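Everything on this sheet refers to the single structure shown next.
The values are calculated or read from the model by the stated rules, or taken from the named source; none is laboratory data. Values in this document were obtained by computation on a predicted structure and should not be read as measured data. Quick reminder, even Gly has a Cβ in these numbers, built from the backbone with ideal geometry, and neighbours come from all protein chains shown. Remember, those area values only see protein heavy atoms, side chains included, never the ligands or the DNA or RNA. Shrake-Rupley method; radii C 1.70, N 1.55, O 1.52, S 1.80 Å.
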Amino acid sequence: MGRKQLWDQGEVLASAMRLFRHRGYQAASLRDIEEATGLHPGSLYRAFDSKDGLFRAALDAYNDQVVQERVRVHLLTPADPVAGIRSFFTSAFETGLDPDPGCLLTNTAVESFTVPQAAAGVRRGLEAIETGFTDALTRARSLDLLPADLDVAESAARLLALYQGLLVLVRAGTPRTKLHTITDGALASIGSEKEGRP
């Protein structure tokens, strides 16, 4: 009979997500992982096979717990889909974190040329966001909140590109006033009138 596992996988993955958000894959050493998760190298390798395995598991958990939940809250459920798109953008930088560590998905996409094993997880997360934009735009058009001739697929792809660019700027410490201006431009690009901010 094997020894009983004394650690919680969800807590380990949450700690790994925080570490990789702040440090990235390459800069996070095994010592960093041990300090962040409390796992000794032997336990890490038994559970995840390698640092790569832990990283892929953390990215999958991030997609499932963070990306999908943000898509649901801001893009799939609001009664006003245009307001939901705006809040999806602004919630990326109105976090109260200073400095903000950025999005694990976006940080990994930027680093992906050195982390090819993460490419599938990055694609899955980006597809989830683009699908969320597609849903919100389709509903907004049907509610006459956006032009009837709006190309939903093209606009969803444009919003995804603008959003990913915005997240890179968040990580770079761009002032929030400029991030709000970018958000206004994103909404204008789909034919929505600019809304006043509180």
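Annotation: Leu39 fulfils all but one of (1) in contact (Cβ under 8 Å) with a residue 24 or more places away in the chain; (2) part of a helix (DSSP H, G or I); (3) not β-branched (Val, Ile, Thr); the unmet one is (2).
Residue under question is Arg72, and the condition is that it be exposed (fewer than 14 other Cβ atoms within 10 Å of the Cβ) and either closer than 25 Å to Thr138 by Cβ or among the basic types (Lys, Arg) (or both); does it hold? The answer is yes for Arg72. Condition first: under 19 Å from Gln68 (Cβ atoms), β-branched (Val, Ile, Thr), open to solvent by less than 40 Å² (accessible area, probe 1.4 Å) and part of a helix (DSSP H, G or I). Can you find one or more residues in region 130-147 that meet it? The answer is no; no qualifying residue exists. Answer yes or no as to whether Arg31 is assigned to a helix (DSSP H, G or I), surrounded by 12 or more Cβ atoms within 10 Å (Cβ to Cβ), basic (Lys, Arg) and at pLDDT 85 or above. Against the criterion (assigned to a helix (DSSP H, G or I), surrounded by 12 or more Cβ atoms within 10 Å (Cβ to Cβ), basic (Lys, Arg) and at pLDDT 85 or above), Arg31 does not qualify. Go through the residues of region 125-132 one by one and say whether even a single one is touching a helix residue (DSSP H, G or I) at 6+ places or on another chain (Cβ under 9 Å) and on the phi > 0 side of the Ramachandran plot. No: zero hits.
If only residues of region 152-176 that are in a helix (DSSP H, G or I), open to solvent by 50 Å² or more (accessible area, probe 1.4 Å) and modelled with pLDDT under 95 are counted, the one that is nearest to Pro81 (Cα to Cα) is Arg176. The single condition from (1) within 28 Å of Ala140 (Cα to Cα); (2) open to solvent by 80 Å² or more (accessible area, probe 1.4 Å); (3) not charged (D, E, K, R) that Ala83 fails is (2).
Among the residues here, Gly10 does not qualify as open to solvent by 10 Å² or more (accessible area, probe 1.4 Å) and either modelled with pLDDT of 90 or more or closer than 19 Å to Ala109 by Cα (or both). Could you tell me whether region 93-103 includes any residue that is among the β-branched types (Val, Ile, Thr) and either within 30 Å of Thr138 (Cα to Cα) or without any contact (Cβ under 8 Å) to a residue 12 or more places away in the chain (or both)? The answer is yes, given that some residue of region 93-103 is among the β-branched types (Val, Ile, Thr) and either within 30 Å of Thr138 (Cα to Cα) or without any contact (Cβ under 8 Å) to a residue 12 or more places away in the chain (or both).
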